[in-house]
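Everything on this sheet refers to the single structure shown next.
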Amino acid sequence: MVAISKIATGNGHGEDSPYFDGWKAYETNPFHPIDRPDGVIQMGLAENQLCFNFIKKWVMEHPEASLCSAEGVNKFKETALFQDYHGMPEFREAVAKFMGKVRGGRVKFDPDRIVMSGGATGAHEMVAFCLADPGEAFLVPTPYYPGFDRDLSWRTGVELVPVVCESSNNFKITRAALEAAYEKAKEANLRVKGLLITNPSNPLGTILDQDTLKGIVKFINEKNIHLIGDEIYAATVFMEPEFVSISEIIEEVECNRDLIHIVYSLSKDMGFPGFRVGIVYSYNDAVVSCARKMSSFGLVSSQTQHLIAKMLSDDDFVDRFIVESKEHLLKRHKYFTLSLSQVGIGSLKSNAGLFIWMDLRKLLKEKTFDAEMDLWRVIINEVKLNVSPGSSFHCDEPGWFRVCFANMDDNTMEVALLRITTFMHKHNEAMVPRKLCRRASLKLSLSRRRDDFMSPNMMSPHSPIPQSPLIRART
């Protein structure tokens, strides 16, 4: 057999992660309400399917947006021919305008700084290629999206150094955590070239407040390293506090703008992962120039650019879509988290994203990642739900799981919740015999202790019996 490259055959893709193993379990036995009612329900895919009826209505009312219609066919030839890899001007203008609207109109984006890529995956690799050489490093706060190990490292050779964030302070990014990661990289002889933040967070579903963002900008300025802001969930913030972009922060504080870069996409905010619309927006002219050259390897198809330009240029549609999407996400999030709480399952308080960070620490047999994986296998193989274990997100504490709630219809969600409820009831019933055994053992122990107290050598039968410290502790 002829050997192929080490990069191609290595495990840099991260496909052996439980994050991707869950997808494989779903793909081999996908749930269908009629054909496969006992199949695995996909709750590991962060996809926004809640507004497609609203989008479908716009598509039906605007046939000219499609090149394959009588109304749009006159644009077929010019769109099908070679397109400059800068992207269609109308596409870049529409995306820049949409990015501003998503951020409440508090900041404007320059269409000439919009660089296309094949989804956020390609955008992240593009940024990594432009900013760092093989063997150099990016700091990444944990927990973070498992695909970053592939997107940023596999083909670029860039190292990722975790910034350990903890549940004790709701996984906030602190200066102490940033400094610790920076020093750890130095001890490993790694040159740190940048810090990657995800805001809103995947998998936490939380946003970074202004003070945290200002502290991050101060940190990267002092270290003279780049800041990459992954903001692909910007329009999924469904309740207060509102989203604050890094583009707003740099208007308020002094910083070297050449160090600031944003990764964006329409995969999450619009629910269009299949269109592979990824964006790099950099304040650094050299990065914009380099990224444009690289975009040749992952252009957005001209047909997609044409459709998106038409859709996002419709101000009325965009304004209504942003409101509609938030309402649907809020409704689904409230119902989902309330249903989980009714069976004793908690989650990190969140206000954004297409998922929750579910807390199953109390279900672990022991506080280890092996125990987390044992529980995950039960959920995958017996409960038949594909949820993603925290360890695959590099979480520092076992027992957390990401669960996606926006990638299914209402009926499928009800089936998923019923399975979770049944699982929790079985778990609680299994715990009852253990509690009864402990209580029986306690009663026997107390009975013997009472006999000792009643012994003539100890005290008379008419003497009061001292209350056991154990009893006092339980009252």
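All other residues whose Cβ lies under 14 angstrom from that of ALA46 are scored, Lys and Arg at +1 and Asp and Glu at -1, for a net of 0. Modelled spin labels at GLU179 and GLU254, positioned 7 Å past Cα toward Cβ, are 2.2 nm from each other. Full extension of the segment from ASN53 to MET239, taken as 0.36 nm per residue of separation minus the current Cα-Cα distance, would add 64.7 nm. Size descriptor for the range 67-314, Kirkwood hydrodynamic radius: 18.5 Å (Cα pairs only, one decimal). Remark: the GLU324-VAL343 segment gains 3.9 nm on full extension, using 0.36 nm per residue and subtracting the alpha carbon distance. What the range 67-314 shows is 40 Å² of accessible area per residue, with the surface traced by a 1.4 Å probe over protein heavy atoms. Between the amide H of VAL158 and those of GLY135, distances stay under 5 Å, these residues lying 5 or more places away or on another chain, with hydrogens modeled in the peptide plane.
Helix 210-223 axis versus longest C-alpha principal axis of the chain: approximately 70°, rounded to the nearest ten. Across all Cα atoms of the chain, the radius of gyration (one decimal) and Dmax (whole number) stand at 26.8, 107 Å. Taken one residue at a time, the phi angles of the range 301-312 give Karplus couplings (6.51, -1.76, 1.60, θ = phi - 60°) of 4, 5, 5, 5, 4, 4, 5, 5, 4, 5, 5, 7 Hz. Gly and Pro are set to x.
Relative to the longest principal axis of the Cα atoms of the chain, the long axis of helix 285-294 makes an angle of roughly 90 degrees.
Ligands, DNA and RNA left out, the accessible area of the chain computed with a 1.4 Å probe is 53% carbon and sulfur. Report, in whole Å, the centroid distance computed from the Cα atoms of the range 104-127 and the range 143-192. The range 104-127 and the range 143-192 have Cα centres separated by 23 Å. Length available on full extension from ALA430 to GLU222: 0.36 nm per residue minus the Cα-Cα distance, which gives 69.4 nm. Across the range 231-248, coupling constants 3J(HN,Hα) worked out from phi with the 6.51/-1.76/1.60 Karplus curve, θ = phi - 60°, read 10, 6, 9, 4, 8, 9, 6, 9, 7, 4, x, 6, 5, 10, 8, 5, 5, 6 Hz, and Gly and Pro carry x. Which residues among the range 28-46 fall inside the zone where the amide N is under 20 Å from a point 7 Å beyond the Cα of THR421, along Cα→Cβ? Answer for this model: 32-34, 37-43. With R₀ set to 41 Å, the beta-carbon distance separating ASP16 from ASP409 gives a calculated FRET efficiency near 0.85.
In terms of distances greater than 28 angstrom between alpha carbons, the cross-link table entries LYS218/LYS293; LYS184/LYS218; LYS223/LYS367; LYS6/LYS218; LYS184/LYS384 yield LYS218/LYS293; LYS223/LYS367; LYS6/LYS218; LYS184/LYS384. Proximity of backbone amide H atoms, modeled 1.01 Å from N, is registered between LEU385 and ILE41, ILE380 at under 5 Å, excluding neighbours fewer than 5 places apart on the same chain. Please give the net charge around LEU131, taking every other residue with its beta carbon less than 12 angstrom from that of LEU131, where Lys and Arg add +1 and Asp and Glu add -1. Here the charged neighbours net out to -2. Hey, what angle do you get for helix 410-454 against the long axis of the chain, alpha-carbon based, 0 to 90 degrees rounded to 10? Rounded to the nearest ten degrees, it is 20. Rounded to whole numbers, the Karplus 3J(HN,Hα) couplings from phi for the range 90-106 are 5, 5, 5, 5, 5, 5, 4, 5, 5, 4, x, 5, 4, 9, x, x, 7 Hz, using 6.51 cos²θ - 1.76 cosθ + 1.60 with θ = phi - 60°, and x at Gly and Pro.
The values are calculated or read from the model by the stated rules, or taken from the named source; none is laboratory data. Since this is a predicted model, take the numbers as computed values, not measurements. In this analysis, Cβ positions are derived from the backbone assuming ideal geometry, glycine residues included, and neighbour counts consider all displayed protein chains. These area figures cover heavy atoms from the full protein model, side chains too; ligands, DNA and RNA do not enter into them. Shrake-Rupley method; radii C 1.70, N 1.55, O 1.52, S 1.80 Å.
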